[in-house]
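Beneath this line is the structure, given in structure tokens, with notes to follow.
Any read-out appearing in this document is the output of simple, stated calculations on the displayed coordinates, not a laboratory observation. In this text the structure is predicted, and so the values were computed from the model without any measurement. Counting neighbours? That spans all protein chains shown, and the Cβs are built from the backbone with ideal geometry, glycine included.
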Amino acid sequence: MPGIAPQAVLLPLTADTDLPSSFLDDVISGLTSPQKSLSSKYFYDETGDRLFQRIMECEDYYLTRCEMEIFRDFTADLAVPLNIHQSAFDLIELGAGDGTKTRHLLDYLERQRADFRYLPVDISGHILEVLAQNLENTLPSVNVVPTQGDYFDALQRICETSERRKILLFLGSNIGNMTVEDCSTFCQQLSSMMNPGDMLVTGFDLKKDPKTVLRAYDDHEGLTREFNLNLLRRINEELNADFDLSCFEHYQTYDPGSGACRSYLISQCEQAVTIAGERILFRRHEPLFMEVSRKFSHADIEALAGESGFSQISEVCDRKGWFMNAVWLKNL
Ligand SMILES: C[S@@+](CC[C@H](N)C(=O)[O-])C[C@H]1O[C@@H](n2cnc3c(N)ncnc32)[C@H](O)[C@@H]1O
């Protein structure tokens, strides 16, 4: 893989051969529970990565443009609270994707002569290759050490090999793809793996006009619909299943009270799907829950920091006030 520093051998990409059995277990367990569901972490095969890159560019999906504005136009506001000259540090990005926004921060850190390595983590080996290639082309002097894997497995491996101060990035509102309970557990687990003085920069999509939120996930181009259906196609291909994609329709809801925006695929008829020999029955109009994308208030974000062992030391919003990158310091 081009653009990867020699240290990459310390943190080898995990073998994809582990995927099918846990993938199969997760799929069967989700489809046999009373409210059928699929885990959104499996959206990102190569086709899913490409579809998500198109979603990020589409007019209705405001999130990427808002966070890009913060990273491009307010880079110093974001970076100064990170104390980049205090000591050498590892900049670890969880669920890095193609890293387009992060590039602005990396460029700033290079120009400020900060002593750092960039460690992107993603479950998709394909998107890490795209990211590494992009950085090789645009910022060849940045020391990039990618790790493929689930957030905590990868972070654990990184912690075992580095004693440096850690600055974690968790961008793109990935945090919104968790239930309230999972989100709180996730932040507490992150905090338990960090040392006092380490920092976490998280992207939060803020509560706003409900129509704007709904349109972002029910876009005119039908990209979110395709993105959801792609997971059924992936299950067909990788787990020997027989989903008929034409028998499912995408349906999106947004509850402005709780801030939960939910994606479903609705079975259009009574049908049976076979997955690795297991028969799953769907009733007509039965919902298959695909993903939640939660929206936050400023108070929600500060409360989450407090209950997870962090203090919020800074926040940067885009000009419309639709998106926030919060900087949290791990408490003593
Ligand atoms: C919504 S995209 C956002 C990408 C990037 N953070 C951004 O803001 O553009 C989510 C990314 O997280 C990765 N991802 C999802 N679940 C993951 C998990 N459990 N562990 C590691 N990566 C994960 C996906 O492969 C995908 O690249």
Backbone HN-Hα couplings from phi across the range 235-241 [Karplus 6.51/-1.76/1.60, Hz, Gly and Pro as x] = 5, 4, 6, 8, 10, 6, 10
If all Cα-Cα distances of the range 148-282 are sorted into 10 Å bins from 0 onward, what percent lands in each bin, rounded to whole numbers?
-> 10, 28, 27, 25, 9, 1
Could you work out the relative contact order of the range 76-173, using alpha carbon pairs under 8 angstrom and six or more residues apart, expressed as a whole percent?
-> 39
For Cys58 and Thr179 in one chain, what is 0.36 nm times their gap in residues minus the Cα-Cα distance, to one decimal in nm?
-> 41.0 nm
Within the range 173-303, what percent of beta bridges assigned by DSSP are antiparallel, to the nearest 5?
-> 95
Under 13 Å from a label point 7 Å along Cα→Cβ of Ser297: give me every residue in the range 194-222 with its amide N that close.
-> 207-208
Collect residues whose amide H, placed 1.01 Å from N in the peptide plane, falls under 5 Å from the amide H of Asp318; neighbours closer than 5 in sequence don't count.
-> Phe323
In debye, nearest 20, what is the charge dipole magnitude of the range 277-332 about its Cα centre with +1 on Lys and Arg Cβ and -1 on Asp and Glu Cβ, if you could check?
-> 280
In the chain the DSSP beta bridges are antiparallel at a rate, in percent to nearest 5, of 65
Quick one: compute the contact order of the chain, relative version, from alpha carbon pairs under 8 angstrom and 6+ residues apart, as a percent.
-> 22
Express in nm, to one decimal, how much length is gained between His126 and Asp107 on full extension, taking 0.36 nm for each residue of separation and deducting their alpha carbon distance.
-> 4.5 nm
The set of residues whose placed amide H lies less than 5 Å from the amide H of Phe296, leaving out same-chain residues fewer than 5 positions away, is Asp205, Leu206, Lys207
For Asp115 and Asn240, compute 0.36 nm times the residue count separating them, minus their Cα-Cα distance, and round to one decimal in nm.
-> 40.2 nm
Tabulate in residue order the Karplus-calculated ³J(HN,Hα) for the range 255-263, using 6.51 cos²θ - 1.76 cosθ + 1.60 with θ = phi - 60°, rounded to whole Hz; enter x for Gly and Pro.
-> 10, x, x, 7, x, 8, 10, 10, 9
If you bin every alpha carbon distance in the chain into 10 Å steps from zero, what whole percent lands in each bin?
-> 5, 25, 34, 25, 9, 1, 0
Can you tell me the FRET efficiency between Glu163 and Leu139 if r is taken as the Cβ-Cβ distance and R0 is 22 Å, rounded to the nearest 0.05?
-> 0.30
Can you give the convex hull volume per residue for the Cα atoms of the range 252-332, as a whole number of Å³?
-> 165
Computed FRET value (nearest 0.05) for Ala276 with Gln35, which takes r as the C-beta separation and R₀ as 22 Å | 0.50
Within-11-Å neighbourhood charge of Gly97 [Cβ basis; K, R +1; D, E -1] | -3
Assign unit charges at the C-beta atoms only (+1 for Lys and Arg, -1 for Asp and Glu), then state the dipole size of the chain relative to its Cα centre in Debye, rounded to the nearest 20.
-> 660
Express the relative contact order of the range 181-269 as a whole percentage, based on alpha carbon pairs under 8 Å and six or more residues apart in sequence.
-> 24
